[in-house]
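Scroll down for the structure; my scribbles are underneath it.
The values are calculated or read from the model by the stated rules, or taken from the named source; none is laboratory data. Keep in mind the model is a prediction, meaning the values are calculated, not measured. With ideal geometry, Cβ positions are generated from the backbone for all residues, glycine too; neighbour counts draw on all protein chains shown.
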Amino acid sequence: MNAIALIGDLKPFQVLTIGMGLVLFLLTFEMIRRDLLRTAYALLWLASGLAVALIGLFPDAVNLLAKYTGMNYQTGMLFSVFGFVLLLMMQYSIIISRLSTRNKLLTQDVAILREQVRRLAVRIDSHGTAPSDPEPSPSRSPEAPGKAGESSDSR
């Protein structure tokens, strides 16, 4: 069976669904290529695009799944979409929480550095030269913004 005969046998909603899935899939790859989306975050979008395209190709698979789970088609689709949205919300909540914590730590580090610069400027103004032994200051470990063993840029 050739591809043109297969396309001719598809219903319009199938063509639309397959097209939407492929567009989502290819758009995700393009965003990764342009470095607009990290691969770690793109996996869910790639899987979604593939799932939408497969549902378009094999719409009876959804009916078969609905038959085995005891749900009707609309309920099953609504449940699937709701589950997907919950997964997205959980993933992005985790990302936002990590970034919020990291932002807070970096802001505190900047405040400490500004205070050190201010103190050095005052000492330079009062002595006329830079001190040979700067004051000890509170500092964090170099891994403070991220977690131990984790790189700051996890691409």
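Points to keep in mind about this one:
- Inside region 68-123, residues that are among the aromatic types (Phe, Trp, Tyr) and over 30 Å from Trp45 (Cα atoms) make up a count of 0.
- Count - residues of region 36-89 that are in the same structural domain as Leu16 (by TED's automatic domain parsing) and under 17 Å from the mean Cα position of the chain (by Cα): 14
- Residue count for region 28-73, restricted to those that are in a helix (DSSP H, G or I), of a type outside the set (S, T, N, Q) and without any contact (Cβ under 8 Å) to a residue 12 or more places away in the chain: 14.
- Among the residues here, Ser100 does not qualify as at pLDDT below 80 and not β-branched (Val, Ile, Thr).
- Residues of region 43-91 classified as aromatic (Phe, Trp, Tyr), under 22 Å from Phe25 (Cα atoms) and surrounded by fewer than 12 Cβ atoms within 10 Å (Cβ to Cβ), total: 1
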